[in-house]
Amino acid sequence: MDSKFILQIKEISKSFPGVHALDKVSINVRAGSVHALMGENGAGKSTLMKCLFGIYEPDEGEIIFDDKSVRFNNSKQALDAGITMIHQELYPIRLRPVMENLWLGRFPKHTFKKINLPFINHKKMYQDTLSLFNDLNMEIDPNVWVRDLSASKIQLLEIAKAVSNNAKVIIMDEPTSSLTENEVNQLFEIIRRLRSEGVAIIYISHKIEEILAISDEVSIMRDGKFIGTFAANELNTNLIIKYMVGRDLTHRFPLKDNVPGEVIIEVKNFTSAAPRSFKNVSFNLRQGEILGVGGLVGAQRTELVESIFGLRSLDSGEIFVNGKKINIKNSRQAINMNLALVTEERRATGIIPMRSIFDNMLLTNIRRYVNIIGFIKEKIGEADCKEKIKSLNIKTPSGKTLIRDLSGGNQQKVLFARWLLTEPDIFILDEPTRGIDVGAKYEIYSIIINLAKQGKSIIMISSEMPELLGISDRIMVMCKGRVTGFLEGKNVTQEDIMHLASQFEKYEEKNSA
């Protein structure tokens with residue numbers, strides 16, 4: 001037993017029906033270090049951490065923590081021992097205040113002597129929450145309800161909760177997926193402080209730049225197997241990709257061979273009915289074109305495309321398809337107009353976790369698969385489902401597998417398949433590669449480019465500037481609800497996008513000075 005390691009995971013294996021998720025995986029983590037864990041979606045990273053955290057029971061293997069062999073039967077045992085975890089998918093109690101979410105299961109209490117009964121000490125809870133947020137430089141009101149927080153604030157709340165446990169090991173599974181650049185820097189400061197205090201951080205992320213910036217060591221997994229542990233300063237992007245996918249990816253993006261044609265859709269002077277949202281947005285989209293939409297958090301990009309799809313109310317504006325003015329008041333009308341929308345929040349507004357791939361895939365076009373008395377035509381539905389599984393290379397034992405058991409990249413492919421079955425002409429993609437690995441991203445990019453090549457028109461929101469530059473034919477940039485410019489051509493740079501994305505912010509800073 002090596003005492004320099006706070007945690008030793010030895011030959012852990014775990015299987016699910018039809019899937020061998022982990023195959024004798026071994027990883028050693030040092031105290032006071034940031035140990036990154038990388039691999040494609042489905043490599044087994046989250047499964048391994050859930051075995052460590054007591055959510056899953058390993059089929060075989062041993063876990064040694066703090067020089068003791070341990071086997072946690074539930075997450076509370078792991079927390080009590082000194083291991084905590086920030087999960088990739090966040091499920092806070094949205095209808096309760098921030099401070100109650102933070103201290104859930106460990107509320108501070110005080111006892112009234114006369115009746116000798118413990119009561120929750122709300123005053124102390126508020127003070128402890130405020131003190132923790134001040135210490136972490138987080139500006140969150142302890143009394144505000146979680147439902148009123150942005151996705152990034154909820155992510156920061158989960159980070160604060162993990163820190164408050166005073167754990168020896170903190171597992172962070174995609175902790176920056178919803179954070180702004182400033183909030184990422186804030187998280188890194190917290191991580192460096194924890195590392196200096198001897199806390200071990202297991203950091204899971206698909207963002208290679210982050211891994212190289214914050215990690216001491218990097219362990220890489222592929223297809224449920226351990227590939228190796230490497231010093232972070234000996235790695236680069238190409239090496240990490242090679243270890244992750246088992247081959248060299250000489251190009252991050254597929255060859256673009258789509259040719260944009262005539263204008264198919266025109267949006268004129270779109271103004272939201274909501275205050276402080278988008279105003280006077282106008283643009284056009286050509287047949288077979290990929291129009292990227294860039295901007296910083298708060299640019300109102302999602303709000304814009306959801307309005308086009310009939311999910312949000314407009315104050316004013318017009319939309320023309322093939323030169324004909326149309327009115328879209330709800331999503332059903334949008335679908336009937338041959339529009340499709342892949343939403344940003346896959347878990348919240350995309351998949352139905354407890355239903356099969358088959359059910360999720362047929363959902364949007366269910367009328368096609370229902371007979372005259374309301375029963376699903378299973379043979380037709382299953383045939384279409386199998387065809388999409390094959391054509392989109394969805395990795396699954398069968399169409400009857402629960403979609404929650406798929407990797408993020410494969411879940412995203414199911415959502416693409418769902419919309420392909422409606423045979424749309426216009427695809428609206430909101431952060432289509434969010435939370436998926438480099439290999440799965442390449443496959444999603446290939447799907448997008450092939451759709452454009454077939455004459456489909458694509459509106460693609462992305463917060464990743466290399467993605468915008470690598471996939472888009474044109475880029476529309478927004479800032480605080482306004483279109484600040486369009487970029488086109490091979491010489492467009494990330495700096496060009498950032499200049500337009502911060503145009504109104506710079507204007508406001510200048511006028512407030």
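Would you mind telling me which numbered condition in (1) in contact with a helix residue (DSSP H, G or I) (Cβ under 9 Å, 6 or more places away or on another chain); (2) surrounded by fewer than 20 Cβ atoms within 10 Å (Cβ to Cβ); (3) under 25 Å from GLY82 (Cβ atoms) ASN134 fails?
(1)
Among the residues of region 338-370, count how many are aliphatic (A, V, I, L, M) and free of Cβ contacts under 8 Å to residues at least 40 places away in the same chain.
Residues of region 338-370 aliphatic (A, V, I, L, M): 339-342, 348, 351-352, 354, 357, 361-363, 366, 370.
Add one more test, that the residue is free of Cβ contacts under 8 Å to residues at least 40 places away in the same chain, and what stays is 348, 366, 370.
Count: 3.
Out of the residues in region 15-69 that are assigned to a loop (DSSP other than H, G, I, E, B) and closer than 19 Å to GLY228 by Cβ, which is modelled with the lowest pLDDT? Full working, then the answer.
In the first step, residues of region 15-69 are kept if they are assigned to a loop (DSSP other than H, G, I, E, B); the result is 17-18, 31-33, 39-44, 53-59, 66-67.
Now drop any that are not closer than 19 Å to GLY228 by Cβ, which leaves 33, 39-40, 42-44.
Details: SER33: 95, GLY39: 84, GLU40: 74, GLY42: 70, ALA43: 80, GLY44: 85.
Looking at the filtered set, the residue picked out is GLY42.
Please determine, by comparing only the residues of region 455-496 that are surrounded by 21 or more Cβ atoms within 10 Å (Cβ to Cβ) and among the basic types (Lys, Arg), which one is farthest from the chain's Cα centre (by Cα).
At the first step, the residues of region 455-496 found to be surrounded by 21 or more Cβ atoms within 10 Å (Cβ to Cβ) are 456-462, 467-468, 471-472, 475-481, 483.
Narrowing the set further to residues that are among the basic types (Lys, Arg) leaves 456, 480.
On the way: LYS456: 25, LYS480: 22 Å.
So, considering only residues that are surrounded by 21 or more Cβ atoms within 10 Å (Cβ to Cβ) and among the basic types (Lys, Arg), the one farthest from the chain's Cα centre (by Cα) is LYS456.
Kindly provide the set of residues from region 49-66 that are surrounded by 18 or more Cβ atoms within 10 Å (Cβ to Cβ), over 16 Å from ASP173 (Cα atoms) and in contact (Cβ under 8 Å) with a residue 60 or more places away in the chain, ordered by number.
Hit for region 49-66 is PHE65, nothing else.
Test SER205 against the stated conditions and say whether it is of a type outside the set (A, V, I, L, M) and buried (at least 21 other Cβ atoms within 10 Å of the Cβ). I'd like the intermediate steps shown before the answer.
Details: of a type outside the set (A, V, I, L, M): yes; buried (at least 21 other Cβ atoms within 10 Å of the Cβ): yes.
When the stated conditions are applied, SER205 passes them.
Considering only region 95-147, how many residues are of a type in the set (Lys, Arg) and farther than 21 Å from VAL163 by Cβ?
Quick first cut of region 95-147, residues of a type in the set (Lys, Arg) only: 96, 106, 109, 113-114, 123-124, 147.
Then drop every residue that is not farther than 21 Å from VAL163 by Cβ, which leaves 109, 113-114, 123, 147.
Residues in region 95-147 being of a type in the set (Lys, Arg) and farther than 21 Å from VAL163 by Cβ: 5 in total.
Tally time: how many residues in region 327-347 are part of a helix (DSSP H, G or I) and over 17 Å from ILE459 (Cα atoms)?
First pass over region 327-347, keeping only residues part of a helix (DSSP H, G or I): 331-336, 346-347.
Retained after the next criterion (residues that are over 17 Å from ILE459 (Cα atoms)): 332-333, 336, 346-347.
Residues in region 327-347 being part of a helix (DSSP H, G or I) and over 17 Å from ILE459 (Cα atoms): 5 in total.
Would you pick out the residues in region 415-432 that are part of a helix (DSSP H, G or I) and either within 19 Å of GLY292 (Cβ to Cβ) or of a type outside the set (A, V, I, L, M) (or both)? Give the steps one after another, and end with the answer.
Applying the first criterion (part of a helix (DSSP H, G or I)) to region 415-432 yields 415-420.
Scanning region 415-432 gives PHE416, ARG418, TRP419.
Regarding PRO260, is this residue assigned by TED's automatic domain parsing to the domain that holds ASP473, touching a strand residue (DSSP E or B) at 6+ places or on another chain (Cβ under 8 Å), touching a residue at least 24 places away in the same chain (Cβ under 8 Å) and part of a loop (DSSP other than H, G, I, E, B)?
Numbers: assigned by TED's automatic domain parsing to the domain that holds ASP473: yes; touching a strand residue (DSSP E or B) at 6+ places or on another chain (Cβ under 8 Å): yes; touching a residue at least 24 places away in the same chain (Cβ under 8 Å): yes; part of a loop (DSSP other than H, G, I, E, B): yes.
For PRO260, the condition - assigned by TED's automatic domain parsing to the domain that holds ASP473, touching a strand residue (DSSP E or B) at 6+ places or on another chain (Cβ under 8 Å), touching a residue at least 24 places away in the same chain (Cβ under 8 Å) and part of a loop (DSSP other than H, G, I, E, B) - is met.
Return the residues of region 141-172 that are surrounded by 21 or more Cβ atoms within 10 Å (Cβ to Cβ), under 22 Å from the mean Cα position of the chain (by Cα) and not in a helix (DSSP H, G or I); say none if nothing qualifies.
ILE170, ILE171, MET172
The values are calculated or read from the model by the stated rules, or taken from the named source; none is laboratory data. The structure displayed is predicted, hence computed values, not measured ones. For neighbour counting, all protein chains shown are included, and Cβ atoms are generated from backbone atoms with ideal geometry for every residue, glycine included.
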